[in-house]
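Structure first, then comments.
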């Protein structure tokens with residue numbers, strides 16, 4: 001007796017239903033927990049005011065752009081011109097007064113005129129010295145600028161701190177300028193070829209002269225120099241052309 005349903009078509013594979021019934025959906029495959037992606041170590045962030053490699057661009061200092069020799073010379077001419085004008089005015093006044101008194105011709109008038117001239121000379125000497133100490137020591141030491149330096153927009157600061165050096169160091173620096181005058185003023189000319197544009201007095205007292213004008217885009221004290229982008233403190237910043245670093249991995253139990 002033959003089978004009305006016919007012979008089986010072949011061996012049934014495991015998991016397939018028999019008798020032509022539709023296949024039942026199986027249980028869902030378990031999802032694997034998300035694998036955390038390894039994070040790349042952050043690149044170190046350059047410190048403020050420290051360009052790559054620890055060197056500064058030529059002609060620059062963390063306190064600003066180094067002042068040129070011509071600008072420094074112009075500022076000193078202004079300071080020296082103030083003293084010269086003051087001495088000239090005092091000498092003219094006392095000279096006329098002495099001549100007027102001595103014109104009497106008497107011995108007493110001549111002696112009085114001589115005494116007045118001595119007083120005028122002491123005023124010129126003392127006034128010039130007092131102004132120089134106030135302008136070149138006190139004013140430069142506390143603000144970084146003499147009157148002449150303020151007019152040409154430069155300032156004298158410490159090479160280490162970028163701040164004014166104080167009255168005492170500014171006074172000693174002024175005395176050290178005596179060494180700059182040796183050998184035909186070679187020390188005063190040294191900024192023309194010196195890398196940091198320093199005179200001999202600057203090298204002894206460890207000072208530099210920088211520009212004080214705030215120009216758009218000019219480097220400020222303690223910040224990055226031209227050609228070196230500033231970095232913000234905190235997390236490392238992505239560099240141009242580099243992919244963004246992966247964040248936190250997804251929690252286990254969720255598919256990717």
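Every read-out reported here was derived from the displayed coordinates using simple, explicitly stated rules and does not represent laboratory data. Because the structure is predicted, anything quoted here is derived from the model rather than measured. Cβ coordinates were reconstructed from backbone atoms using ideal geometry, including for glycine residues, and neighbour counts include every protein chain displayed.
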Checklist outcome for this item: Subtracting the Cα-Cα distance of residue 134 and residue 103 from 0.36 nm times their residue separation yields 7.3 nm
Checklist entry - Tell me, what does the Kirkwood hydrodynamic radius of the range 90-193 come to in angstroms if you use every pair of distinct C-alpha atoms? => result 16.6
Item to check | Burial ordering of 138, 185, fewest other beta-carbon atoms within 10 Å first | outcome: 185, 138
Next on the checklist: Could you tell me the calculated FRET efficiency between residue 77 and residue 172, based on Cβ-Cβ distance and R0 = 25 angstrom, to the nearest 0.05?
Outcome noted: 0.60
Next on the checklist: Taking 8 Å as the Cα distance limit and 6 or more residues as the minimum spacing, I'd like the relative contact order of the range 66-178 as a percentage.
Outcome noted: 28
Next on the checklist: Using a Förster radius of 41 Å, what is the FRET efficiency between residue 142 and residue 96 based on their Cβ-Cβ separation? Nearest 0.05, please.
Outcome noted: 0.60
Checklist entry - Stretch residue 110-residue 89 to full length: gain in nm at 0.36 nm per residue minus the Cα-Cα span? => result 5.3 nm
